[in-house]
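**Q** Before I ask anything, let me first share the structure, which is written out below as structure tokens.
Here, each number is a calculation from the coordinates, and none is a lab measurement. Everything numeric in this text was worked out from a predicted model, so none of it was measured. Note that we place each Cβ from the backbone using ideal geometry, even for glycine, and neighbour counts take in every protein chain shown.
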Amino acid sequence: MGKIKVLDEQLANQIAAGEVVERPASVVKELVENAVDAGSTTIDISIEEGGLAFIRVVDNGFGIEASDIVTAFQRHATSKISTGSDLFRIASLGFRGEALPSIAAVSRLQCLSSETASGLARRIVIEGGTVTIDEPANAPQGTDMTVRDLFYNTPARLKYMKAIQTELGHISDYINRIALAHPGIAFTFKHNGNILLRTLGTGDRLQVIAAVYGTNTAKVMLPVEAENADYELRGYISKPELTRANRNGITAVVNGRFIRSHAINQALLQAYHTLLPINRFPLAVIELGMHPSLLDVNVHPSKMEVRFSKEPELRTLIEAAVKQALTRQRHIPGPDSTR
Ligand code: ADP
Ligand code: MG
């Protein structure tokens, strides 16, 4: 007998959790992305103690079939892709089937879900990766996920967590950006019972900008719009008089996914060029739509990085669109500029 064995599923999930669940904000991100993928129009997020004690995400999406609910928590279980070629045309935020088993391996989790409006639902409770309750329940259509005591069984990771304010900051930042990415979804975010963000889900991105950054900021944003054969660009950029000390005010959204992209940032900054003082940065929400085959999202488990297959063309489009928006407002200050 050799010495090499395949690890059991629970241990494999705990190892994956080390990568997928870095901190409470990772849990919020994965649960909210699942809610977005489920076609939800409202998503309510509440957390306590920076998410370390309690995270709850309730959506009104299409729910999980009762017979699927335990499977959803198995490693590499996903309803979003099924063949190798699907990997090259991903239209959903998730596809790896790793989030739920990873989160469940390092917390006490309850999932209550119903795929019908009839109230028939299923409830499961998983503690440290072991299913302890699996029973019929009553709930409206959608999914209600509660994650308690994150990292209770991985003390080394728990010790590494920062102050509650720091963890809350990471979560807030993520929720602000996913709300900016999806103006058609009504988000509510509460920490220890206090509402920190509420968006209306009307599809008006300027309303979300106002909710996140304040109405005065929303008033000095300029719309940008452009397209070429491959890419569609929409969004808002700040007038040059509104600047920030860092790039954190730049939100890039690609096919509904909030990402970090050096290429997009560079193109944007290049367009402002000398309009910005040295070491000052604009506020912007840049949304790009493209055929999924032009995009590789399978770069990192967090899916925050992507690769564009036609990056130079994309940079040119962004730079031209932003330049045009800036020039237009300088030459013809119409009623639109005070909106
Ligand atoms: P992935 O999102 O990569 O598919 P997850 O582990 O996050 O993997 O979720 C596994 C599966 O559980 C999803 O593919 C989906 O079918 C189902 N699921 C998870 N969350 C929800 C939700 N909020 N609403 C509906 N289905 C969900
Ligand atoms: Mg997912």
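**Q** Projecting each Cα onto the charge dipole of the chain (Lys/Arg +1, Asp/Glu -1 at the beta carbon, about the Cα centre), which of 262, 26, 235 comes out farthest on the positive side?
**A** The listed residue farthest towards the positive side: 262.
**Q** Also: Would you kindly give the portion of the calculated P(r) for segment 88-139 that falls above 12 Å, as a percent of all Cα pairs? Present the calculation step by step, with values, prior to reporting the outcome.
**A** Working: 902 of 1326 pairs.
I get 68 percent for the Cα pairs in segment 88-139 exceeding 12 Å.
**Q** When the Cα centres of segment 125-189 and segment 1-47 are compared, how far apart do they sit, in Å?
**A** For segment 125-189 versus segment 1-47, the Cα centre distance is 10 Å.
**Q** Right, here's the next one. Which value in Å does the Kirkwood hydrodynamic radius of segment 12-143 take, with 1/r averaged over all unlike C-alpha pairs and then inverted?
**A** On the way: mean 1/r = 0.0665 Å⁻¹.
For segment 12-143, the Kirkwood estimate is 15.0 Å.
**Q** Given contacts defined as C-alpha pairs under 8 Å and at least six residues apart, what's the relative contact order of the chain, whole-number percent?
**A** Working: 679 pairs, mean separation 50.8, N = 339.
So the answer I get is 15 percent.
**Q** If I take all pairs of Cα atoms in segment 98-197, what percentage of them are more than 20 Å from each other?
**A** 55
**Q** Name the residue, out of 128, 256, 18, whose mean-square fluctuation peaks in a Gaussian network model built on the chain with Cα pairs under 10 Å.
**A** Evaluated over the chain, the most mobile residue of the options is 18.
**Q** Here's a follow-up. What is the helix-to-structure angle for 262-272, meaning the angle in degrees between its Cα long axis and the longest Cα principal axis of the chain, kept from 0 to 90 and rounded to the nearest 10?
**A** Helix 262-272 and the main axis of the chain meet at about 20 degrees.
**Q** Near residue 159, which lysines are there with a Cα under 27 Å away, not counting those fewer than 8 places off in the same chain?
**A** 29, 190, 303
**Q** Between helix 9-20 and the chain, what is the angle of the helix's C-alpha long axis to the longest principal axis, kept within 0 to 90° and rounded to the nearest 10?
**A** 20
**Q** With N denoting the number of residues in the chain, provide Rg(C-alpha) divided by 2.2 N^0.38 Å, to two decimal places. Walk me through the intermediate numbers first.
**A** Numbers: Rg = 21.3 Å, N = 339, 2.2 N^0.38 = 20.1 Å.
Against the empirical 2.2 N^0.38 Å value, I get 1.06 for the chain.
**Q** For every helix of n ≥ 4 consecutive DSSP H residues, a contribution of -39,500 (n - 2.57) applies; sum these over the chain, divide by its total residues, and give [θ] at 222 nm rounded to the nearest 500 deg cm²/dmol. Mind showing how you got there, number by number?
**A** Details: 9 runs with 103 residues, N = 339.
Mean residue ellipticity, 222 nm, calculated: -9500 deg cm²/dmol.
**Q** For segment 14-76, I need the span (max minus min coordinate) of the C-alpha atoms along each principal axis, in Å, sorted largest to smallest.
**A** Between the extreme Cα coordinates on each principal axis of segment 14-76 lie 28, 27, 16 Å.
**Q** Tell me the trypsin sites (Lys or Arg not before Pro) within segment 102-180 that lie in a loop according to DSSP and have at most 15 other beta-carbon atoms within 10 Å.
**A** Details: sites: 108, 122, 123, 148, 157, 159, 162, 177; in loops: 162.
Filter output for segment 102-180: 162.
**Q** No solvent, one uniform scatterer per C-alpha: report log10 I(q)/I(0) for segment 165-303 via the Debye equation at q = 0.12, 0.15, 0.21 1/Å, two decimals.
**A** The Cα Debye sum returns log10 ratios of -0.50, -0.79, -1.44.
**Q** Something else now. How large is the charge dipole for the chain, taken about the Cα centre, if only the Cβ atoms of Lys, Arg (+1) and Asp, Glu (-1) carry charge, to the nearest 20 debye?
**A** Values: 36 positive and 36 negative charges, 230 e Å.
About 1100 debye.
**Q** Of 281, 112, 60, which is farthest towards the positive pole of the chain's charge dipole, taken about the Cα centre with +1 and -1 on the beta-carbons of Lys, Arg and Asp, Glu respectively?
**A** My answer, from the dipole projection, is 281.
**Q** A further question on this structure: With bins 5 Å wide starting at 0, give me the P(r) of segment 224-268 over every alpha carbon pair, in whole percents.
**A** 5, 16, 28, 31, 13, 6, 1
**Q** Turning to a different aspect of this structure: With charges only on Cβ, +1 for K and R and -1 for D and E, what is the dipole size of segment 26-179 about its Cα centre, in debye, rounded to 20? Display every interim value, and only then the final one.
**A** On the way: 14 positive and 19 negative charges, 86 e Å.
Roughly 420 debye, rounded to the nearest 20.
**Q** On to the next question. Could you tell me, in Å, what Rg and Dmax come out for the Cα atoms of segment 231-339?
**A** Radius of gyration, then largest Cα-Cα span, for segment 231-339: 14.4, 46 Å.
**Q** About its Cα centre, how strong a charge dipole does segment 1-102 have in debye, to the nearest 20, once Lys and Arg get +1 and Asp and Glu get -1 at the Cβ?
**A** 400
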